[in-house]
1. Which residues in the stretch 83-98 have a backbone N closer than 17 Å to a point placed 7 Å from the Cα of residue 119 along the Cα-to-Cβ line?
2. I need the shape label for the chain. Rule: rounded when a/c is under 1.5, else prolate if a/b > b/c, else oblate, with a, b, c from the alpha carbon gyration tensor.
3. Kindly put 133, 118 in sequence by how many other C-beta atoms sit within 10 Å of each C-beta, fewest to most.
4. May I ask for the distance between the Cα centers of the stretch 53-88 and the stretch 1-27, given as a whole number of Å?
5. Got the relative contact order for the chain handy, in percent, Cα pairs under 8 Å and 6 or more residues apart?
6. Work out, step by step, the length gained on full extension between residue 144 and residue 110: first 0.36 nm times the residue separation, then minus their alpha carbon distance; give nm to one decimal.
7. Ordered by packing density, taken as the mean number of other Cβ atoms within 10 Å over each peptide's residues, highest first, how do 18-26, 100-108 rank?
8. Taking the highest mean first, how do the peptides 39-51, 60-72 order by number of other beta carbon atoms within 10 angstrom per residue?
Ligand SMILES: CC(C)(COP(=O)(O)OP(=O)(O)OC[C@H]1O[C@@H](n2cnc3c(N)ncnc32)[C@H](O)[C@@H]1OP(=O)(O)O)[C@@H](O)C(=O)NCCC(=O)NCCS
């Protein structure tokens, strides 16, 4: 992961997170939406920063009633394949583990990079949600994945 560092993200980071999110996904989320998730019930987020303190990636999650969920994960396109995505997932899992049995997520069925990351991080496929994602070329199915946090 080089000289990157992880820290909790707060609502004041929402503009920067939204800018990074817009560079990582075909359909972006506004800073308002991201701040709403962070401040909502069970919301938490972690940011990765490069050595100069610039945002390099983030993960946004929600932990409610013993189950946690990854809402979104993005790494700066110029800083991928350096272990940041994996480090963010591991930190999010560690944060949830004391109170949650499992960490869930949805991933588009054509997102080879993310599926590779999640399978390598111990997530298993547990379902499919048809036409779950908006996409400029039409809708995409989501694969639902689960990682046990108790083992
Ligand atoms: C998915 C994403 C977060 C991965 O971030 P990253 O920092 O590059 O991931 P890592 O460097 O930690 O990669 C961990 C593993 O994931 C897999 N992986 C990552 N990118 C990959 C790619 N382009 N192709 C195939 N496998 C890939 C590999 O197994 C990799 O391990 P390796 O580098 O030792 O081979 C990043 O590509 C991204 O922001 N994508 C756009 C947004 C997105 O799709 N988010 C996930 C939504 S569910």
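1. 86
2. On the way: a/c = 1.29, a/b = 1.10, b/c = 1.17.
Taking the square roots of the gyration eigenvalues as a ≥ b ≥ c, the chain is rounded.
3. On the way: 133 19, 118 25.
Lowest to highest Cβ neighbour count: 133, 118.
4. 8 Å
5. Working: 284 pairs, mean separation 29.0, N = 151.
Over the chain, the number comes to 19 percent.
6. Values: separation 34, 0.36 × 34 = 12.24 nm, distance 1.30 nm.
Once the chain is fully extended between residue 144 and residue 110, it gains 10.9 nm.
7. Details: 18-26: 16.1, 100-108: 19.9.
Highest to lowest by the protection proxy: 100-108, 18-26.
8. Details: 39-51: 17.1, 60-72: 19.1.
Top to bottom by mean Cβ count within 10 Å: 60-72, 39-51.
Readers should treat all values here as calculations from the given coordinates under stated rules, not as data from a laboratory. Owing to the predicted nature of the structure, the values given are computational and were not obtained by experimental measurement. When we count neighbours, we look across all protein chains shown, and the Cβ atoms used for this are built from the backbone with ideal geometry, even at glycine.
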